[in-house]
Amino acid sequence: MGWRRIPMWAAVGGIAVVTAGVTLWVWAPWVDRSPFTAYTVGVQDEEHTVPGSTPDSCVRTAASEEETVIYDEDGKKLASGSAEREGERLGSEFGEWAGDCLIVTRIDNIPGGLGTYLTEWGGGDRTETSEAELRLPLEQRRERFKTMDKPK
């Protein structure tokens with residue numbers, strides 16, 4: 001009689017393992033779901049800027065203070081932020097970008113854990129962006145311009 005129950009217990013055990021696996025996959029405790037702040041950066045050519053309030057600052061003369069909006073994959077608006085009025089005049093260590101104006105946009109309270117987001121600047125096209133990219137620190141984003149080639 002004990003041998004007859006083995007298939008039944010194997011089926012119950014299999015169902016329990018599958019249920020635990022699905023629960024763990026849906027819950028995903030390793031995913032950081034906490035809200036975060038993202039920084040986006042843009043560079044305006046020197047010829048389209050004027051000096052700012054300090055010697056190392058600048059102000060764009062066009063497309064100033066445009067809004068960057070973050071959406072989920074379904075197009076639901078999650079968060080937004082406006083570009084700063086003044087930016088940083090990039091120094092000679094930025095190579096081709098030297099003299100240009102680096103403008104930062106801070107976007108607070110983006111819900112974490114979605115993996116992929118859509119970003120839209122100034123009402124233009126939406127661009128797919130990973131959460132890892134959005135979570136990059138501002139200093140790391142800024143430093144990219146030291147080695148990045150300037151589009152011709």
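The values are calculated or read from the model by the stated rules, or taken from the named source; none is laboratory data. Predicted model, so just to flag it, every value in this text is computed and none were measured. We place every Cβ from the backbone using ideal geometry, glycine too, and count neighbours over all the protein chains shown. The protein model used for the area step is the full one, side chains on, heavy atoms only, and it has no ligands, DNA or RNA in it. Shrake-Rupley method; radii C 1.70, N 1.55, O 1.52, S 1.80 Å.
Listed values, structure above:
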{"item": "Strands (runs of 3 or more DSSP E) within the range 12-122 that include 1 or more residues touching a Leu at 6+ places or on another chain (Cβ under 9 Å), open to solvent by 80 Å² or more (accessible area, probe 1.4 Å) and modelled with pLDDT of 85 or more", "result": "101-110"}
{"item": "Residues of the range 55-92 satisfying the condition of being hydroxyl-bearing (Ser, Thr, Tyr) and in contact (Cβ under 8 Å) with a residue 24 or more places away in the chain", "result": "57, 68, 71, 80"}
{"item": "Unmet criterion (only one of (1) acidic (Asp, Glu); (2) assigned to a strand (DSSP E or B); (3) within 12 Å of the chain's Cα centre (by Cα); (4) surrounded by 14 or more Cβ atoms within 10 Å (Cβ to Cβ)) for residue 133", "result": "(2)"}
{"item": "Close pairs from the range 113-128: first within 17 Å of residue 81 (Cα to Cα), partner assigned to a loop (DSSP other than H, G, I, E, B) and of a type in the set (A, V, I, L, M), Cβ under 7 Å, at least 6 apart", "result": "122/63"}
